[in-house]
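All remarks here apply to the structure that follows.
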Amino acid sequence: MNRRTFLRASVAATGAATLSGCLSGLFETRSVYEPPPLVENRPKAVYIPSHIEGMEMGGMATKKWYKAGIMFSFPHRFWTVDSQNKNKVNIRENDTIHLMSSVWDSETTIVPPNANLRVDVTKDGESIATKSLWPMLSQNMGYHFGDNIALSGDGTYTVTVHVGPLDVRRTGRLQEKYGEQASFSITFDYSQQQRDEIMFKQLSEKKGQKGAVDPMEMKMMPSTQLPQKDQLPGTLVGEATSGDGTFIVTKLDSSPAGIDKSGPYLAVSPRTPHNRYPLPFMSLSGTVKRGKQTIFDGPLTATLDPELNYHYGTSVERLQSGDTLALTVDVPPQVARHEGYEMAFFEMPPMELTL
C-alpha cells in the first residue's frame with residue numbers, strides 16, 4: 001500500500017470546500033493515503049471532520065429518465081447503520097479508491113436518495129468487483145452511493161451501474177417514472193498518480209466542533225441539497241430539531257397527484273443541519289390533535305415529489321389552525337455516514353409543532 005505523502009501547493013477549484021462560518025485559513029493542505037486520526041470526544045451532533053477530500057469525475061451516462069455519474073477519491077473510513085447501531089468500516093489493505101455514483105432525474109434534477117444501486121467493475125473484460133453501493137452522507141461530497149474498492153493497478157475500467165426500481169411513493173409528474181430498472185456503462189482511465197493528486201485538506205483548529213464544511217462545487221452534477229424552507233410549496237408550519245436533524249413542516253391545501261386520499265396534505269422534510277442533505281430510510285409517525293381530540297395518528301410515508309422533493313407525508317382531513325402536530329422518529333435514518341455525521345441522527349426525541 002502506497003503511504004507516500006504528496007505536498008501540494010494548489011488545489012483544483014472543483015475540489016475546493018470551505019467551512020461554514022468563514023473559517024478559511026485554518027487548513028493544513030496535503031495529500032495522503034490514510035486519513036488522520038479521528039477527533040476525540042466527538043459531540044453527538046454534526047461536527048467538523050478532521051479532513052476533507054476532493055474527488056475525480058469518471059464519467060456520465062443517460063438512460064430513460066435517469067442520468068448517472070461515476071466519481072472516485074481516496075478510500076474512506078465510514079459508518080454503516082443498523083437500527084440504532086453504527087458499524088465502522090475501516091480502510092482495508094488492498095482498497096484503492098472510494099468509488100461513488102450519483103443518479104438524478106434528467107428533467108427535475110432531483111436525486112432520489114433511496115435508489116438501489118449495484119455496480120459491476122471490469123478491466124479488459126475481467127471482473128474486478130461487484131457491489132451494492134451504500135447510500136451515504138458526506139459533508140463536502142454530498143449525498144451519494146459509494147464503497148471502497150480494490151482495483152488492479154493503472155488502466156481503463158468500465159463501471160456498469162444498475163439502478164433498481166425505485167421503492168418509494170412518487171407523486172406529480174414523477175408517478176410514471178422509475179418503476180423499471182436501468183443500467184449504465186461508464187468507462188474511465190485510472191492511475192494511482194491521478195488518485196494521489198486529488199485534493200486533500202487536513203482541518204486544524206475547528207475539527208471536532210459542531211458545524212459542517214460546505215458542499216464542494218459540482219459543475220457537471222446537480223446538488224443533492226433539499227429546497228430551502230421558503231422554497232417549499234404550501235404554507236410553512238414551522239421547523240423542529242431532533243438528534244441534530246432539522247424537520248421542516250409544510251401544509252398543502254390539497255394532496256399532490258398520486259395520493260389516494262383527498263384533503264390537506266402534511267409534508268415533513270427532514271434534513272441535515274447546515275447543508276440540507278436528505279435523511280432517508282427513516283420511520284416517522286405523526287399525531288394531530290385538536291384539544292383532546294385526535295384528528296390523525298399514523299405513519300408518514302416516504303415520498304418523492306417534483307416540488308417537495310424527498311419528504312415524509314400524509315393526507316389529513318379537517319386540519320385547522322391551532323391543531324398540534326407531534327412527530328416521532330420510530331427508526332432513525334438508516335443511511336451510512338462519512339466522518340462528521342456518524343455521531344448525529346441516532347437519539348431523536350419526539351417533537352411538537354402548532355399548525
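The values are calculated or read from the model by the stated rules, or taken from the named source; none is laboratory data. Because the structure is predicted, anything quoted here is derived from the model rather than measured. We place every Cβ from the backbone using ideal geometry, glycine too, and count neighbours over all the protein chains shown. Accessible surface areas use protein heavy atoms only, side chains included; no ligands, DNA or RNA. Shrake-Rupley method; radii C 1.70, N 1.55, O 1.52, S 1.80 Å.
Using θ = phi - 60° and the Karplus form 6.51 cos²θ - 1.76 cosθ + 1.60, what ³J(HN,Hα) does each residue of the stretch 172-177 get, whole Hz, x for Gly and Pro?
Working through the residues one at a time gives x, 6, 8, 4, 8, 9 Hz.
To the nearest 20 Debye, how big is the dipole of the chain about its Cα centre, given +1 on the beta carbon of each Lys and Arg and -1 on that of each Asp and Glu? Can you show the working numbers first?
Numbers: 36 positive and 39 negative charges, 85 e Å.
Approximately 400 debye in magnitude.
Just one of (i) 1.03; (ii) 1.26; (iii) 0.92 is Cα Rg over 2.2 N^0.38 Å as worked out from the coordinates here. Which one is it?
(i)
Given a 1.4 angstrom probe, I'd like the percentage of the accessible area of the chain that is carbon and sulfur, rounded to a whole number. Intermediate values should be presented prior to the final figure.
Working: 6800 of 15190 Å².
Exposed carbon and sulfur together represent 45 percent of the surface.
Once the dipole of the stretch 131-233 is set up with Lys and Arg at +1 and Asp and Glu at -1 on Cβ about the Cα centre, which of GLY179, PHE200, GLY155 lies farthest towards its positive end?
My answer, from the dipole projection, is GLY179.
Across the chain, where is the longest run that never hits GluC sites (Glu not before Pro) in a DSSP loop with at most 13 other C-beta atoms within 10 Å?
In the chain, the maximal stretch lacking such sites is 218-316.
Would you pull out the residues with amide H under 5 Å of GLY263's amide H, same chain only if 5 or more places away, H placed 1.01 Å from N?
Hits under the 5 Å cutoff: SER255.
Would the stretch 90-192 count as rounded, prolate or oblate if I go by the C-alpha gyration tensor, calling it rounded below 1.5 in a/c and otherwise prolate when a/b exceeds b/c, oblate otherwise? Walk me through the numbers before you get to the answer.
Values: a/c = 2.42, a/b = 1.78, b/c = 1.36.
Prolate shape, in that a/c is at least 1.5 and a/b is the bigger ratio.
Tell me the accessible surface of MET141 in square angstrom (1.4 angstrom probe, heavy atoms of protein chains only), to the nearest ten.
10 Å²
With +1 on each Lys and Arg Cβ and -1 on each Asp and Glu Cβ, how big is the dipole of the stretch 248-295 about its Cα centre, in debye rounded to the nearest 20? If you can, show how the numbers build up before the last one.
On the way: 7 positive and 2 negative charges, 49 e Å.
The dipole magnitude comes to about 240 debye.
Compute a Gaussian network model of the chain, connecting alpha carbons closer than 10 Å, and tell me which residue from GLN228, GLN139, GLN209 fluctuates the most.
Answer for the Gaussian network model of the chain: GLN228.
Rolling a 1.4 Å sphere over the protein heavy atoms, what is the accessible area per residue of the stretch 152-212, to the nearest Å²?
Numbers: 2820 Å² over 61 residues.
Ligands and nucleic acids excluded, the result is 46 Å² per residue.
What distance in nm separates the simple spin-label points at MET60 and ALA326, each placed 7 Å from Cα in the Cβ direction?
Between MET60 and ALA326, the label points sit 4.7 nm apart.
Looking at the chain only, what percent of DSSP beta bridges run antiparallel? Nearest 5 please. Present the calculation step by step, with values, prior to reporting the outcome.
On the way: 103 of 107 bridges.
That works out to approximately 95 percent antiparallel.
If each residue of separation counts as 0.36 nm, what is the full-extension length gain between SER132 and ASP154 once their alpha-carbon separation is subtracted? Before the final figure, lay out the partial values.
Values: separation 22, 0.36 × 22 = 7.92 nm, distance 2.33 nm.
Extra length from SER132 to ASP154 when fully extended: 5.6 nm.
How many lysine pairs does the stretch 163-278 hold where the Cα atoms are under 30 Å apart and the two sit 8 or more places apart or on different chains?
16
Residue-wise, which Karplus ³J(HN,Hα) couplings in Hz belong to the stretch 114-130, taking 6.51 cos²θ - 1.76 cosθ + 1.60, θ = phi - 60°, and x for glycine or proline?
Ordered by residue, 3J(HN,Hα) equals 10, 5, 10, 10, 10, 10, 10, 10, 10, 9, 6, x, 9, 6, 9, 6, 10 Hz.
Using helices alone, I'd like the mean residue ellipticity at 222 nm for the chain: each DSSP H run of four-plus residues gives -39500 (n - 2.57), total over residue count, nearest 500.
Details: 1 runs with 5 residues, N = 355.
Helix-only estimate at 222 nm: -500 deg cm²/dmol.
Measure out, as a whole number of angstrom, how far apart the alpha-carbon centroids of the stretch 302-321 and the stretch 246-274 sit.
Rounded to whole Å, the Cα centres lie 2 Å apart.
Output ³J(HN,Hα) for the stretch 226-233: one whole-Hz value per residue in order, computed from phi by the Karplus curve 6.51 cos²θ - 1.76 cosθ + 1.60 with θ = phi - 60°, and x for Gly and Pro.
Couplings: 7, x, 5, 4, 7, 9, 6, x Hz.
Could you point to the residue in ASN90, PRO113, LEU133 farthest towards the positive end of the stretch 86-135's charge dipole, with +1 and -1 charges on the Cβ of Lys/Arg and Asp/Glu respectively?
ASN90
Hey, if you put +1 on the Cβ of every Lys and Arg and -1 on every Asp and Glu Cβ in the stretch 273-355, which of PRO278, MET348, ALA336 ends up farthest toward the positive end of that dipole?
My answer, from the dipole projection, is MET348.
Quick one: which residues, 5 or more positions from GLY245 or on another chain, have an amide H under 5 Å from its amide H? H modelled 1.01 Å from N in the peptide plane, none for Pro or chain starts.
Answer set, sorted by chain and number: PHE345.
Shape of the stretch 200-306 from its Cα gyration tensor (a ≥ b ≥ c, root eigenvalues): rounded if a/c is under 1.5, otherwise prolate when a/b > b/c, or oblate?
Since a/c reaches 1.5 and a/b is larger than b/c, the shape of the stretch 200-306 is classed as prolate.
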